[in-house]
Every structure is written in structure tokens, then in C-alpha cells.
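Worksheet: the structure to be examined is printed underneath.
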Amino acid sequence: MADVHPEHAQLQADRIYLGWQYVLLHPDPGPPPKRPSPVAEETPAPTEPDPELLRRERLQEDLLNRPVKIFRGFMAALGVLLLVAGIMGYIGWSFVIIGLIATGGVAGICSYALLQGDRAVRHRVLEQQVKRDKVQQERDKELFQLQEEHAARYREWQETKDRHEQQMTWYAVAVPDEIDRVDVAGGTLPGWSALITLLGATRLYSGGHLTVLDLSEGAIATDLIELARRGGDDPLVWVLPVDLPRLDLGATLKPEAFADVLAHVVSVSEEDRTDLSFDHAILERVLEVLGENVTIAQVNAALRALAQVGDPRDDIRFGLISAAQLEKLSMLFGRGVSDQVVIKRAWALESQLRKLENLGTESVRLPPARLRVVSMDRQAGVFGNRVLGTYIATALTHILRQSPASDRPWYHTIIVAGADKLRGDVLDRLMDACETSRTGLVLTYRSLTPTVRERLGRGHAAVAFMRLGNAEDARVASEHVGTEHRLELAQLTETIGATLSGLNGAYTSTIADEHQEQPSESRHEDLREDIAESTAWGRTVDTIGETERVLQRSREFLVEPHQLQQLPTTAVIVTDATAEGRRVRLADANPAILAFPKTTLGELEEVRDAVLSLAPDSDPDEPPPNLGPPPPRLDWRNKRP
């Protein structure tokens, strides 16, 4: 079995990457097998007999032969006594000779017996030595077999260890091709920053266009802007309401569509939606009187005249309306009771649209850019930012409705951060327009309000859950995912997430000066290098990478409410519907993981299928199956891979 190297997977243009999944296809085999070693008794046998054994045997033989030795000595002494007696003449020589023969024979027999005993001792010692040699040979043979088995086990362990150390540990988590929207529920601002940086970088690399509507007031796209600049692009950043005069969004809309946009903007502060059609009718007729290419200031002047507020001659003097238009406005509606209703609504419309008074009054020609960011200044009022956000979302909806469907899904992607600040009908219209025009849509919600719950995951949408703020939202999320799912969380995700600080940066407008700087000629070709050097996440890649080499453990948890409230900052639970049922995956949205040496752009299922397709009994020298061409270089200039 072999592992799939990152070069065998490539960043796909039409795939939306939401993070990285930590999985070990090859578990850690543990410590190496212990080498067998001989015990003390298994030392090599000496070539000479054991002196101690020889001494013990001889001592035992001496004890057994002591009577024989005594009897032999007695016979020898008796023979000597007979010989002396014969010499002195006490005994005849015939008797002496017979006695000497008898005592000498007995002494010889005893000596022979002692010699045989000594031979028996040496024989027993040799037998013991042969037996010990045989036992030693058996032990040597057994030790040799154990060492051979250990060598085989060690080679197998080494192969398993190499697979474990060389395998990919982080796999890309992407949504299926048929998904046209991603709903991100919950999360902190740093977590959103990581997710949007990763998602936006892959979109810009593939040559697509990205529009970010940041209603979070947290400057979550600053890293993405810096990343785009390093890639050679010159992103456009509007900071509202300061840049409202230079925002020309919606200037080309037809009067009917423009009236619809303004009617939705006015409805932001009103719970009762019954007047929406009535407001639309008033605005549409006012726009018919004013003509095309109308500014908000002209609309407000016409509404003041219609509501009989102030002196209309001031508006005529400033060129907002003409005398002929003022006369038409005065005759636009009949007299009577309805006139009072029109006056009341016109006054209400004018009071709400005053926040857009400067829209497009100083519009300039801007260079094309593939990244556009429209943000709300946190110094502005909360209600004013809601009005501006509703205007941007509704104007985008009408522009998408008038645009032809794209041949390439997700080629243009819109990210709305803090979409829970928009009304439900505004979100519905934006979703429908994106689906019709095949525009990718990413919506992030800080809280799961009733409006959000009704639309969460509806249609062909994937849902990504991040850390949820309160118990009720966590309960709703756990019911949506299913509490029976058990997910694996990498220790790196917990450790790095706990050390992250909040976002302290702020957006810097790129259109405040009419004389804008030209796009930088410096271009970088490696997306991994760009993320590592131009984002706050990437600048900590060395520390994170060192931590990743040390922290290999992970833990499992069930999708329960209290667990969803304690998710790490960059952890995201991605769930989508498939033909086999709902699929649930846990990912880390930290873009710096892309720079890890053990990160692959292939998804877990693809890599697992490729690994399992390699037969276990295949020739190790045989090249792996063709897993596709090598990936293109991550060049921002390549419009398509």
C-alpha cells in the first residue's frame, strides 16, 4: 500500500474548500519490537572440561573408592611383611612367594578398579559436557530463530512506521459540485476570517471573482485583501458610510428595479410589511417623474415635495428637481383622504432614505478588480449599517437577476458576513438570484434567529456549523446535524484555537483617493507561500508546523449542544445531503494548514479509494497507479487551471 502525495491532487476550480480534515489512515504502530537477547546460562560452552565439575566427580569417586584403597594398602603392607619375614628366615620362601603372589594380585586388582573408576569419572564429565553442548546448540538455534522472527517483525514495523510518518494527515474538505450555497452558522470573528481567507483564496486562484459584503463590522477580510495584493490583484474596498459618495452600485438599475430596492431599504425598520407594495408604487411613480439615472438626493427632494416638507424652492435652486417636475409631483396623486396617506408615507420614505443621501454623488471610474469588499464602519450607527447592508444586498440581487447565467458555477462568488442582519425576504431574493445566475453564495450567521432557522440548508445548500454562542442555538444545530454522529477533533485545532486573539485590524478604503495606485507588478506563483507570508495565519505557520509535528493525538466527541458551544475557533462541522444520506465532517478552516508538508488537496474519500486500489500483494518496485497529472503551479495569473 502506498500513500497519495499532495502533488497527485490539484486545486479544482469549481470546488469550494472549507477546511482540512485530520485523519490517520495508517495508525501509529507504537514502539519497535523488542530484540531477543540470550540469558546468562546461554553463554558459549568452554572447549575444556569444567574444572569444578571434574573436582566434584573425583571427590565423589574418592569417597566411593576409599575402602578399595585401604584394602590395597593393607595387601601391599602384608606383602612387604611377608618379604621381610622371609629374608629374616622366619617363614619359608615358598610360602613367601605364594603370599607375595596373592597380595600382589589383590593389590593389582584394586589398582585396576581404581583406574576404572577414574576413567568413569572422566567419562561422566565428558557426557555432561556433551549434554551441555547439545543444550547450548538448541538454545543457539532457538535464539537464531527468534532473531530471524524479530528481523521480519522489525521490517514489517518499519514499513508500517514509514507509512505512518509519510502519510497525509490533513485532507481537504470541499462541498459537492451540485451545492450552490454554503450557510455558516455560528462562529467567532477570527474563525470567520480564517474560513473566508481560505475560501476566497481558492476562488481568486481559479480566476474567479469574489464580492464580500461584510456586515459583521469586524474587518474579517483583511487577510484576504492582503493575499490578493500579493497575488498581483488590486482589490477594491469600500468602507461605508464614508465611501458612500463613491459607491455607484445600483446606478444602472431601471426605475422599476430601483424603486424595489429603495422600498426594501425603507422596510428595514418596520415590522409591518403590508406597506411594501404601497411604498414601491409611490417610489416607482416618483422615479417616472424624475427620469433615468436618478440619484438618492433627487429622490429625497421629490419625496419632500410630495410630503410637503420644507421649501421645494431650495431643492430647485440646488438642481435636485426642476419646476416642471415639482408641478408633476404635486399632481401625481389625487386630493382627499388618500392624499394624507401619501404624505405620511412620503415623509417616512424620505426620513429613511436620508441615510443614502450621498450615494453615488462622487462616483469615479474604478479599475477592474476580481476582489470587491464592501464593509460597514463600526463607528457608524447600528441602524444605519442595517440600511446600508440591505441596500447593497438588494441592489446585488437586481444586478444578478439582469445578468446571464454563468457557464461556470461559483465563478462569481458572493460572501455575506453577518447575514442574520438582513430581513428574510431580502435573503430569499438574493438566494434565488444567485441560483438562477449560477453565482456561488456564502452566508454567515452569528446567531440562529427564527428567520435563519427557516432558511438554514434549504435547497442545494451545505451547512457549516462553527462555535455557537448560546445553548438554544447549539441545540438547534445539534438537532440539524444529528447527535448520533461521532467526530474526531485534532489536538492541533484545539491548541492553536485557544491561543488565537481577536481581530484588531480595520479596513482601509482603496477608493478614497481618485488617483489610485496602479496594481503591483510583483506577482507570486505559489499560493502556499502567499498564505504563509501575507496573512496573520500564515505568519504563524512555523510555530503551528512545529506544534503539528509534536501534537499527533486527537479526541472524539458526539455532536451535542455543550460540545458545539466549546468548538475551537477554526473548527467547522460541514454537513450536506448525499444520495447515501446526510454526510457530516469536521474540518479546520485555518488556511495555514495548506503550507503543512502533510496536507493534500485531495479529499479523504478520493485518497482512501486510491490507497485501497493498490493491491497488498503488488510488486513494491511497480509504480503506483496513475492518479492524474501533476498540479499546475498556484499562479494568480492563471485564469483557469
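Would you mind getting the accessible area per residue of segment 345-504, heavy atoms of the protein chains only, 1.4 Å probe, in Å²?
For segment 345-504, the solvent-accessible area averages 43 Å² per residue.
Give me the Å³ per residue figure for the convex hull around the C-alpha atoms of segment 200-293.
Convex hull of Cα atoms, per residue: 148 Å³.
Tell me the label-point distance for the pair Glu156, Asp14, using the 7 Å Cα-to-Cβ offset, in nm and rounded to one decimal.
Label-label distance for Glu156 and Asp14, simple model: 4.6 nm.
Carbon and sulfur atoms: what percent of the 1.4 Å accessible area of segment 47-156 do they account for? Write out the running numbers ahead of the final one.
Working: 5210 of 8130 Å².
Heavy-atom surface of segment 47-156 belonging to carbon and sulfur, 1.4 Å probe: 64 percent.
Given a 1.4 Å probe and every protein chain left where it sits, what share in percent of the accessible area of segment 174-271 is carbon and sulfur?
51 percent
Could you sort 390-397, 279-286 so that the peptide with the highest average Cβ count within 10 Å comes first and the rest follow in order? All intermediate terms of the calculation are to be shown ahead of the outcome.
Working: 390-397: 24.2, 279-286: 21.1.
Descending mean neighbour count gives 390-397, 279-286.
Below 18 Å, Cα to Cα, which lysines can Lys141 reach? Residues fewer than 8 away in the same chain don't count.
Lys131
From the cross-link list Lys254/Lys355; Lys69/Lys134; Lys254/Lys328; Lys344/Lys421; Lys161/Lys598, which pairs have alpha carbons spaced over 25 Å apart?
Working: Lys254/Lys355 21 Å; Lys69/Lys134 36 Å; Lys254/Lys328 20 Å; Lys344/Lys421 27 Å; Lys161/Lys598 15 Å.
Listed pairs above 25 Å: Lys69/Lys134; Lys344/Lys421.
Which order do peptides 19-25, 380-386, 562-568 fall in by mean Cβ count within 10 Å, highest first?
19-25, 562-568, 380-386
Can you tell me the accessible area per residue over segment 216-289, all protein chains present, probe 1.4 angstrom, in square angstrom?
Result: 35 Å² per residue.
In Å², and per residue, what accessible area does segment 67-116 have when probed at 1.4 Å with the other protein chains present?
Heavy-atom SASA per residue in segment 67-116 reads 66 Å².
I'd like the carbon and sulfur percentage of the solvent accessible area for segment 350-473, probe radius 1.4 Å, heavy atoms only, ligands and nucleic acids excluded. Can you show the working numbers first?
Values: 2360 of 5050 Å².
Carbon and sulfur together cover 47 percent of it.
Where does each of 483-495, 149-161, 366-378 land if you order them by average Cβ count within 10 Å, highest first?
Final packing ranking: 366-378, 483-495, 149-161.
The values are calculated or read from the model by the stated rules, or taken from the named source; none is laboratory data. Predicted model only: the values in this text are computed from it and were never measured. Please note: Cβ atoms are built from the backbone with ideal geometry, for glycine as well, and neighbour counts cover all protein chains shown. Side chains included, ligands, DNA and RNA excluded: accessible areas come from the protein's heavy atoms. Shrake-Rupley method; radii C 1.70, N 1.55, O 1.52, S 1.80 Å.
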